[in-house]
Structure formats: C-alpha cells, structure tokens
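Trainee: Take this structure, written in structure tokens, and hold onto it; I'll ask about it next.
The values are calculated or read from the model by the stated rules, or taken from the named source; none is laboratory data. Just so we're clear, the structure is a prediction, and the values are computed from it rather than from any experiment. Using ideal geometry, Cβ is built from the backbone for each residue, glycine included, and neighbour counts are taken over all protein chains shown. When the accessible area is computed, the model is the full protein with side chains, heavy atoms only, and any ligands, DNA or RNA have been set aside. Shrake-Rupley method; radii C 1.70, N 1.55, O 1.52, S 1.80 Å.
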Amino acid sequence: MSGTYLGMPAFPAAAHEAVRDRTLRGNLRHATHTIRAKRAKAVAEVSDWAALREAGRQIKDHTLRHLDRYLVQLEESVTAAGGVVHWAADAEEANRIVAELVRATGESEVVKVKSMATQEIGLNEALEAQGIRAYETDLAELIVQLGKDRPSHILVPAIHRNRGEIRDIFRSEMAEWGRPAPEGLTDTPAELAEAARLHLREKFLRAKVGISGANFMVAQTGTLVVVESEGNGRMCVTLPETLISVVGIEKIVPTWRDLEVFLQTLPRSSTAERMNPYTSTWTGTTDEDGPRAFHLVLLDNGRTDTLADQVGRQALRCIRCSACLNVCPVYERAGGHAYGSVYPGPIGAILSPQLRGTQSEIDASLPYASSLCGACYEVCPVAIDIPEVLVHLRERVVQGGPVTRGGNKVVLRPAKGHAAERAAMRAARWAFGHPAALRTGQRLASRSRRFLPRTLPGPGRAWSASRDLPQVPAEPFRDWWQRTRGGKDAK
C-alpha cells in the first residue's frame with residue numbers, strides 16, 4: 001500500500017475518539033445490526049451453505065497455490081480477446097500506468113466504479129496531480145467524495161453518515177462537482193437518490209474514459225466481473241470509449257464453474273440478496289458494443305509478499321463481502337476510520353499490516369483491534385480464520401522475525417512498547433517448562449488470593465482497565481484432582 005491516511009494515530013487512540021461520538025455509534029449500530037440480520041436470513045435459505053463455503057475456500061486456496069500459472073493464462077485470454085494487460089508491482093507504478101493511459105486519450109476526466117484497489121493506491125489523488133478529475137459514481141462513494149471524507153465500510157462506504165448529513169452534503173457540495181442539488185432537497189431516501197441520479201447522469205453521458213475494479217477475473221476466458229446494486233457499474237463499463245480496470249492479482253478464479261460458487265455466496269454475505277441486481281461481465285473488446293479499448297492493470301502492491309506467509313496468505317481469499325465487519329463488536333463501536341486504511345474491520349486488521357508491513361504505529365496496532373471472539377470467522381464465506389491470523393501478526397509485532405518485503409527476505413525487529421509483553425511470555429514459557437515451579441506458583445497464588453490486586457500495575461494497567469482479571473481459584477487443579485479423585489500428583 002502507498003501508506004496510511006495522513007496523520008492517522010494508532011488504533012487505540014483513534015478508537016478512543018470514535019467511541020465518544022454518539023451519532024457515529026448510533027449510525028453504525030443501526031446499520032450493522034440491520035445488515036447482519038438480513039444476511040443471516042438469506043444464508044439460512046441455502047441448505048448447502050457449508051458446502052458452498054468450503055468450495056469457495058478450496059477454490060481460492062488452489063488458485064493462490066498456482067497463481068503464477070493462472071495469471072499467465074489470464075493475460076493470454078485477455079490479450080486474445082482484444083484487451084491489453086499491464087503489470088504493476090506497487091501503487092506508484094499502477095498510478096503512473098493509469099495516468100498515462102488516460103492522457104493518451106486526450107481526456108481530463110474519468111468516471112469510476114466503486115473500487116477498493118484504486119482507493120488502496122490513492123488513484124484519485126494521483127490523477128488529480130496530473131490534471132485529471134475522477135468522479136465516483138457509486139452513491140455511497142459519491143457521498144464520501146462530495147463530503148471530502150473517507151470510506152468507513154467495505155460495502156457501504158458512507159455507513160457513518162445519516163440521511164440529514166447526506167442532504168446537507170448534497171446541498172453544499174454538488175454544485176462544485178457538476179449539477180447542483182435540487183431546490184428544497186429533503187432527507188427522504190427517494191429524493192436523495194434522485195438528486196444523485198440527476199447529478200451522475202451528465203457524467204455518464206459525457207465521459208470517454210471509465211475506470212473500474214473487478215470482483216472476479218476468470219482466467220479461462222479473460223472475463224472480468226463486477227457485481228453491484230445501483231446500475232452505475234453497468235454505465236461505467238459500457239458507455240465510455242476506453243475502459244481501464246485496476247484489479248488485485250488475488251481476484252482471479254480459474255473457470256466459469258468456479259465463478260458460480262462465488263456468485264451464490266457473495267450476494268448473500270454482502271447485501272443479503274440471492275443475486276446482485278447488476279452482474280456485469282466483459283471480455284476484451286467487441287466491435288460496436290462497449291468500449292473500443294480495454295486495459296487491465298494487474299496490481300501486486302504487497303500481495304506476493306503476503307502470499308509468501310503460510311498463515312497470513314489466507315487473507316487473500318477475501319471476496320470483500322464485509323460480513324466480518326457487520327458482526328464485529330469492535331468495528332461496531334469504533335467505526336471504519338479508526339483502522340487508518342481503506343480496508344476496515346477484522347479483514348482490514350489482518351490485510352493492511354500484511355500489504356503495508358507492521359513498521360508504522362497504526363499497522364503495528366491493527367492486529368490488536370479485536371476481541372478474538374471468532375464471529376468474523378463464523379460468517380466468512382471463504383472461511384478465513386481471522387483470529388488465527390491476528391494472533392500470528394501479534395507475534396510478528398512483538399517478536400519480529402523473518403518476513404518477505406518487496407520480494408526479499410528480511411528480518412523485522414520487534415516493535416517498540418512490547419518489552420514487558422515479551423518478558424511475560426518468556427517467564428510463562430520457562431514456568432510451563434518446569435512443572436515443579438509451576439505447581440509452587442499455583443499454590444502460592446491460591447493461598448494469597450485475598451491479597452492479589454483487582455487491576456494490574458504499571459504497563460499492565462492498560463490491559464486491566466477494560467477487562468476483569470480472572471479470579472484465582474481456592475486451590476490448583478492438581479490439588480483438587482488429588483483430593484477429590486484420589487489420583488496421584490501429575491509429574
């Protein structure tokens with residue numbers, strides 16, 4: 001990734017501020033509870049959901065193991081269909097390629113489909129620096145752009161805004177970007193949607209260049225797929241003369257048959273629908289139908305490094321459904337901005353530190369932005385064990401060790417501020433390796449339980465400030481077992 005949001009503090013500081021915003025918490029609570037209830041109902045309709053989930057996991061794992069082969073096949077298929085494939089190792093290279101492609105058309109504005117990959121690399125800002133204006137056409141992304149804001153949710157980027165705030169943004173900002181908001185605009189959903197439709201219609205009909213991401217790429221045919229609910233994606237990938245798609249290399253699936261699995265699981269997990277209202281597919285170029293030029297920019301930007309991590313690579317299975325955000329108690333209270341990344345919530349807590357590394361304060365704190373309750377794993381349609389990866393990344397932050405960065409093996413130094421944690425873990429390791437010392441410590445703790453503090457002193461105060469320390473039992477388990485069962489003391 002190109003970096004965190006400018007000036008973003010570590011997650012604990014950002015979350016501390018966010019939880020004090022009652023309006024934000026109310027918006028998040030209402031939205032996430034509504035979405036997850038609808039999702040649960042949609043998933044319950046499918047009798048073989050567990051089998052679909054396992055199929056999705058296996059397809060993704062197989063593809064990642066053979067990613068080199070499928071990427072070459074994809075390039076061959078796209079090229080044979082009349083498209084042009086570009087390879088981008090990082091954000092800077094991807095932004096340069098896209099800017100050059102747009103300048104080659106002679107245009108100075110583009111329309112965009114909602115794309116997390118382009119947000120990840122900061123494409124809008126890079127194009128603006130080249131004198132090219134990018135217009136977001138997804139309703140929520142439009143709200144974010146007009147409000148000079150940042151996305152806070154994978155599926156619903158403006159989830160932190162309520163209707164009154166959106167009305168005010170439209171009234172004050174729409175005129176600067178094009179057609180102004182209608183006079184007397186209210187906060188009713190129908191009026192807000194109509195204002196956005198009228199504002200965007202001009203851009204759809206005028207734009208000569210469209211920029212998209214993709215939910216999936218089919219290696220077998222070179223086909224790209226975008227699923228959405230508003231129709232703006234269909235307009236962006238069909239009306240412009242030139243279409244440029246920026247897609248992460250992990251979004252590939254081998255065949256159309258594999259795609260079938262995800263077209264069942266993604267809609268139910270994201271929008272709680274049996275099928276997305278708009279599923280757009282395109283393969284290269286076709287005479288007199290759709291764009292005359294198609295460019296596919298395949299983005300690495302840390303993905304190959306993530307693939308080298310045998311535990312962390314499962315994050316690359318993600319199909320961006322956002323189900324994990326909607327069940328996460330931490331996200332519900334802190335909101336997406338606290339994560340300092342375009343990927344918020346549980347998936348962001350494991351994906352961002354791998355794509356960007358754990359050297360910055362915010363990235364070193366993200367693996368701790370979780371209670372490890374496991375709800376995210378239970379709802380993930382591709383069975384990403386997010387708690388496992390979180391613990392894995394916590395170990396990397398505290399202990400350092402070998403990782404792959406930029407394709408090279410490097411050794412990370414432990415992050416600052418974790419000396420006490422490392423000392424405690426070493427002490428625990430020694431104690432568990434010496435049973436006699438462990439038994440003595442357990443008996444001493446039981447006999448002095450009345451004098452033990454209710455909160456931890458020193459650095460441990462931050463941990464116990466939001467948690468209750470477990471009560472020490474009256475006697476160790478071994479003593480209880482020997483007393484009640486007559487067993488011999490375990491060695």
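Trainee: For the range 68-110, treating each Cα as an identical point scatterer without solvent, what Debye log10 I(q)/I(0) comes out at q = 0.26, 0.33 1/Å?
Mentor: At q = 0.26, 0.33 Å⁻¹ the computed log10 ratios are -0.94, -1.01.
Trainee: To the nearest 20 debye, what charge dipole does the chain have about its Cα centre, counting +1 at the Cβ of each Lys and Arg and -1 at the Cβ of each Asp and Glu?
Mentor: Approximately 3120 debye in magnitude.
Trainee: Residues with beta-carbon under 15 Å from that of GLN264, excluding GLN264: net charge, scoring Lys, Arg +1 and Asp, Glu -1?
Mentor: With Lys, Arg at +1 and Asp, Glu at -1, the net is +1.
Trainee: Which one, ILE159, ILE143, MET217, projects farthest toward the positive side of the charge dipole computed for the range 111-255 from Cβ point charges (K/R +1, D/E -1)?
Mentor: MET217
Trainee: Treating only the Cβ of Lys, Arg, Asp and Glu as charged (+1, +1, -1, -1), what charge dipole size does the range 264-398 show about its Cα centre? Round to the nearest 20 debye.
Mentor: Computed charge dipole of the range 264-398: roughly 180 debye.
Trainee: What does the charge count around GLY83 come to, taking other residues whose C-beta lies under 12 Å from its C-beta (Lys +1, Arg +1, Asp -1, Glu -1)?
Mentor: Details: positive: ARG292; negative: GLU75, GLU76.
Here the count lands on -1.
Trainee: Let me ask something else about it. Find out how many positive minus negative residues lie around ARG133, taking Lys and Arg as positive, Asp and Glu as negative, among other residues whose Cβ is under 14 Å from that of ARG133.
Mentor: -2
Trainee: How big is the range 210-312 along each principal axis, measuring the range of its Cα positions in Å and listing the largest first?
Mentor: Extents along the principal axes, in whole Å: 46, 30, 22.
Trainee: Two decimals, Cα atoms only, Kirkwood Rh: what is Rg/Rh over the range 32-163?
Mentor: 1.05
Trainee: If you count the DSSP beta bridges with both ends in the chain, what percent of them are antiparallel, to the nearest 5?
Mentor: Here the share of antiparallel DSSP bridges comes out near 40 percent.
Trainee: Per residue, how much accessible area does the chain show when a 1.4 Å probe rolls over the protein heavy atoms, in square angstrom?
Mentor: 48 Å²
Trainee: Evaluate the range 424-484: find the radius of gyration of its Cα atoms, find its Kirkwood radius, and give the ratio Rg to Rh.
Mentor: 1.02
Trainee: Further question: Restricting attention to the chain, give the cysteines that have no other cysteine Cβ less than 4.7 angstrom from their Cβ.
Mentor: Taking the Cβ cut-off of 4.7 Å, the unpaired cysteines of the chain are CYS236, CYS318, CYS321, CYS328, CYS373, CYS380.
Trainee: Eight or more residues apart or on different chains, and alpha-carbon atoms under 20 Å: count the Lys pairs in the chain matching that.
Mentor: 10
Trainee: Tell me the angle of helix 435-447 to the major Cα principal axis of the chain, expressed in degrees between 0 and 90 and rounded to the nearest ten.
Mentor: Tilt relative to the chain: about 80 degrees.
Trainee: Right, another one. Please name whichever of GLY486, ILE249, PRO344 sits farthest to the positive end of the charge dipole of the chain, dipole taken about the Cα centre and charges placed at Cβ: Lys and Arg +1, Asp and Glu -1.
Mentor: GLY486
Trainee: Can you check what the Kirkwood hydrodynamic radius comes to for the chain, Cα pairs only, in Å to one decimal?
Mentor: That comes to 24.6 Å for the chain.
Trainee: Compute the normalised compactness of the range 297-390: alpha-carbon radius of gyration over 2.2 N^0.38 Å, N being the residue count.
Mentor: The range 297-390 yields a ratio of 0.99.
Trainee: Pull up all non-local amide H partners of ASN215: gap of 5 or more, or a different chain, and H-to-H distance under 5 Å with H placed in the peptide plane.
Mentor: Long-range HN contacts for ASN215: VAL225, VAL226, VAL227.
Trainee: For the chain, which whole percent of the accessible surface, found with a 1.4 angstrom probe, sits on carbon and sulfur atoms?
Mentor: 53 percent
Trainee: Okay, moving on. Mind jotting down the distance between the C-alpha centroids of the range 246-305 and the range 417-484, whole Å?
Mentor: 51 Å
Trainee: Loop only per DSSP, at most 13 neighbouring Cβ atoms within 10 Å: give me the GluC sites (Glu not before Pro) in the range 170-214, ordered by residue number. Walk me through the intermediate numbers first.
Mentor: Details: sites: GLU173, GLU176, GLU183, GLU191, GLU194, GLU202; in loops: GLU183.
Here the GluC sites (Glu not before Pro) that fit, given the DSSP loop and packing criteria, are GLU183.
Trainee: Whole-Hz ³J(HN,Hα) for each residue in the range 246-262, computed from phi via Karplus 6.51 cos²θ - 1.76 cosθ + 1.60 with θ = phi - 60°, x for glycine and proline: what do you get?
Mentor: 10, 9, x, 5, 7, 7, 8, 10, x, 9, 5, 5, 5, 4, 3, 4, 6
Trainee: From Cα pairs below 8 angstrom and at least 6 apart in sequence, can you work out the relative contact order of the range 325-368, rounded to a whole percent?
Mentor: Once divided by the residue count of the range 325-368, the mean separation gives 29 percent.
Trainee: Turning to a different aspect of this structure: So which GluC sites (Glu not before Pro) in the range 255-352 pass both tests, a DSSP loop state and at most 13 other Cβ atoms within 10 Å of the Cβ?
Mentor: GLU288
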